[in-house]
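> This is the structure I want to talk about, given as structure tokens.
The values are calculated or read from the model by the stated rules, or taken from the named source; none is laboratory data. Since this is a predicted model, take the numbers as computed values, not measurements. FYI the Cβ positions are ideal-geometry reconstructions off the backbone, even for glycines, and counts take in every protein chain you see. Protein only, heavy atoms only, side chains kept; ligands, DNA and RNA dropped before computing areas. Shrake-Rupley method; radii C 1.70, N 1.55, O 1.52, S 1.80 Å.
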Amino acid sequence: MGIVSQEAIKQFQALMDQVDEPLKRTFQNVHQGYLLETFGRFLKAREWNVSKAHKMLVDCLNWRVQNEIDNILAKPIVPTELYRSVRDSQLIGLSGYSREGLPVFAIGVGLSTFDKASVHYYVQSHIQINEYRDCIILPSASRKYGKPITTCVKVLDMTGLKLSALSQIKLLTIISTIDDLNYPEKTNTYYIVNAPYIFSACWKVVKPLLQERTRKKVQVLSGCGRDELLKIMDYGSLPHFCKREGSGSSRHSQNGAENCFSLDHHFHQQLYNYIKQQSLIKEPVHPMKQGSFHVDVPEPAAEGTQIAKTIESEFNKYGNGNGLSDSLDDLKINGD
């Protein structure tokens, strides 16, 4: 860490020492004992501008307090059938760990339909996975590997990406805004696999709009990406859709033990059981209630809005007048 970085963190810490007690309490859940790494993440997200990073973190802490985010891991989505529907339509899971100890999160971008529950349930589920990652998964990995592990890698499967994904842009913008403003710099690298032609077309126009540090994190791999991913993780940690060419992130082709998207996978079983246990601890007298956990969504940054509009425009090009259709998802690109 350079002298400039050390000085910025020192100034940042001095400012944070002055915040009110409610913010200090929720900040403990954010940093989990890794203060320097947390200050570094927020500083990096604001190009090492201390005053902007401080505002970003304080806004994040206020959002957490106002929306009771510290209690979200005690708010299970019930009944179980509803949660299973959420899992079947919001495809995400923990497939394993890289050789450096970073959690590997798999995301089925192309086949996530987000059509089995209200927006609030999907936002609730997303934040719960974020919080479980930050409060349970990352601290556990840090202890196991004997070093601070505060970030993860994500493998994004584009299998099945279609023009109909336009209907999901609003929800995806909400989720990405929550992540950008409240969970910055938590992902080391994004690996894109099974990318159809339509992704290639969108990526070419979106890439210039991204900040350089974000562009550097994205790697588009050839095919299912297996060979490249095996350079950073063992076979057992590969997402199921990377274990053989053409396997894709189907919701139904794998059994629950192998498919990390499934509620039957051990990661989701542990997560869901943890949330139900926390609910019983915090509200032992009251039965679990059905109903989503509503969260205020911050306004997206200008960059995020522009990217969403660009993606929408690019998708519309393929839906109007040039004869290309949803069959584009059958065409694959190489990672160039």
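> Relative to the present Cα-Cα distance, how much length would full extension add between Ser140 and Glu299 at 0.36 nm per residue of separation?
My answer for the length gained is 53.9 nm.
> Report the accessible area of His54, computed with a 1.4 Å probe over the heavy atoms of all protein chains in place, in Å² rounded to the nearest 10.
My reading of the accessible area for His54 is about 40 Å².
> Leaving out ligands, DNA and RNA, and with a 1.4 Å probe, what % of the accessible surface on the range 163-203 is carbon or sulfur?
56
> Provide the gained length on full extension for the span Asp115 to Lys309, in nm with one decimal, where the gain is 0.36 nm per separating residue minus the Cα-Cα distance.
67.7 nm
> Can you give me the accessible area per residue for the range 1-74, using a 1.4 Å probe, in Å²?
Dividing the accessible area of the range 1-74 by its residue count gives 54 Å².
> Can you list the GluC sites (Glu not before Pro) in the range 141-250 that are in a DSSP coil and have 14 or fewer other beta carbons within 10 angstrom?
Glu245
> Another question, if that's okay. So how far, in whole Å, is the C-alpha centre of the range 119-171 from the one of the range 11-85?
So the separation of the two Cα centres works out to 16 Å.
> Then there's this: Taking 0.36 nm per residue of separation and subtracting the Cα-Cα distance, what length does fully extending Lys10 through Lys147 add?
The Lys10-Lys147 span can extend by a further 47.2 nm.
> Quick one: which residues, 5+ away or cross-chain, put their amide H under 5 Å from the amide H of Met233? H built at 1.01 Å from N.
Residues meeting the criterion, in which the H sits 1.01 Å from N, are Arg99.
> Moving on to the next point. Could you list, in their original order, any pairs among Lys10/Lys231; Lys52/Lys162; Lys52/Lys170; Lys75/Lys144; Lys217/Lys282 whose Cα atoms are separated by more than 30 Å?
Cα-Cα > 30 Å for Lys10/Lys231; Lys52/Lys162; Lys217/Lys282; rest within.
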